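K.L.:
First the structure, then my questions, so here it is.
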Amino acid sequence: MAVKRAQLVGIAIAGGAGLLAFMLMRSIVSNPSEPTQVAVPINATEVLVARRNIPLGEVTKPTDFRWQTWPTEAVTPSFITQAGGEEAMKLVTGAIARAPLLEGEPITKDKVIKAGQGGVLAAILPSGMRAISTKIKEETAAGRLILPNDRVDVILTRRERNPSGQDEAVSDTLFSNVRVLAIGQAIGAKEGAKTSEDNANTATLELTPHQAELLARANAMGEISLSLRSIADGDPKGRGPTAAMNDQRGSTVRILRYGVPSRAYGVN
């Protein structure tokens, strides 16, 4: 009888232990533990970024910028970092934006220029390029819908005498994909602007030195018109203006009209 009672006690203990184990396992499965988050330190540097959108040509002030944590491996020598101390902020205080700056964009030393280091137009002009102006009016500038930073084709219209001795108007495209640097004295389009200044009578174009010479000559030969290009027609390789008459075989091209060669235009 004593042996039977001991067996019953053993069975009860085993059953209780099994029930306890089952309950513990169920608790673990139904309520998984929260994952442990471990902060992994990374190398970071405080770099100067734009606090707001800054248009091209705007004079900047300290409140236009803020410090932003940036991965050290992504920081280039041209970045302005907090390690520069007060001198870092002096670089951008009272400086001129050489290109439009977007909010949160890191500021590099070549994106701003201090007063006295050259005019705004000279600051935004790429190396090796020249700025040259040409007269425009509403009917020769797409109804004044051309704005700074648009791309245009430059067309020359002049009077020529045909073989029968009569004068006729002749038009040729001199250059394609030319960037407009300014309309009048505006080097940037105002926010929301759809047309250029009503009193603007000049357009300043970005050309190579040789193309600038050709445009100056063309201005003396006839009337210059600007044909606005679609954004979709932009040059994906960013090669800038091209001479429309360049057939890739020589430095000059002659246009044959009625079997008689017309004036030759040099191209780069």
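Readers should treat all values here as calculations from the given coordinates under stated rules, not as data from a laboratory. Predicted model only: the values in this text are computed from it and were never measured. Here the Cβ is made from the backbone with ideal geometry for all residues, glycine too, and neighbour counts use every protein chain on show.
K.L.:
Based on the mean of other beta carbon atoms within 10 Å per residue, what is the order of 140-146, 227-233, most packed first?
P.N.:
Put in order of decreasing packing, that is 140-146, 227-233.
K.L.:
In whole Hz, with x marking every Gly and Pro, tabulate ³J(HN,Hα) for the range 65-79 from phi via Karplus 6.51 cos²θ - 1.76 cosθ + 1.60, θ = phi - 60°.
P.N.:
Residue by residue, the range 65-79 yields 10, 8, 8, 9, 5, 9, x, 4, 5, 9, 8, 9, x, 7, 5 Hz.
K.L.:
Also: Quick one: if the Förster radius is 35 Å, what FRET efficiency do ASN201 and GLN82 give, using the C-beta to C-beta distance and rounding to 0.05?
P.N.:
0.15
K.L.:
Can you give the relative contact order of the range 44-124 as a percent, counting alpha carbon pairs under 8 Å and 6+ residues apart?
P.N.:
39 percent
K.L.:
Further, regarding this structure: Tell me, in nm to one decimal, what length is gained between LEU19 and ALA122 on full extension, where the rule is 0.36 nm per residue of separation less the Cα-Cα distance?
P.N.:
28.6 nm
K.L.:
Spelling out what I want: for every residue of the range 85-91, take phi, set θ = phi - 60°, compute 6.51 cos²θ - 1.76 cosθ + 1.60 (Karplus), and round to whole Hz; glycine and proline get x.
P.N.:
x, 4, 5, 5, 6, 5, 5
K.L.:
Kindly rank 126-133, 87-94 from highest to lowest mean number of other beta carbons found within 10 Å of each residue. Let's see the in-between values first.
P.N.:
Values: 126-133: 13.5, 87-94: 15.5.
So the peptides 126-133, 87-94, ranked by packing, come out 87-94, 126-133.
K.L.:
MET221 to SER133: FRET efficiency via 1/(1 + (r/R0)^6), r the Cβ-Cβ distance, R0 22 Å, to the nearest 0.05?
P.N.:
Computed FRET efficiency for MET221 and SER133: 0.85.
K.L.:
Any chance you could run the full-extension gain for ALA44 through GLU58? It's 0.36 nm times the residue separation minus the Cα-Cα distance, nm to one decimal.
P.N.:
2.0 nm is the gain from fully extending ALA44 to GLU58.
K.L.:
Just the ratio, please: alpha-carbon radius of gyration of the range 44-124 over 2.2 N^0.38 Å, N its number of residues.
P.N.:
Numbers: Rg = 12.0 Å, N = 81, 2.2 N^0.38 = 11.7 Å.
Relative to the 2.2 N^0.38 Å estimate, the range 44-124 comes out at 1.02.
K.L.:
While we're here: Which net charge results when you count Lys and Arg as +1 and Asp and Glu as -1 among the other residues whose beta-carbon is under 11 Å from that of ILE132? Don't skip to the answer; put the middle values down first.
P.N.:
Values: positive: ARG130; negative: GLU206, GLU213.
Surrounding charge for ILE132 is -1.
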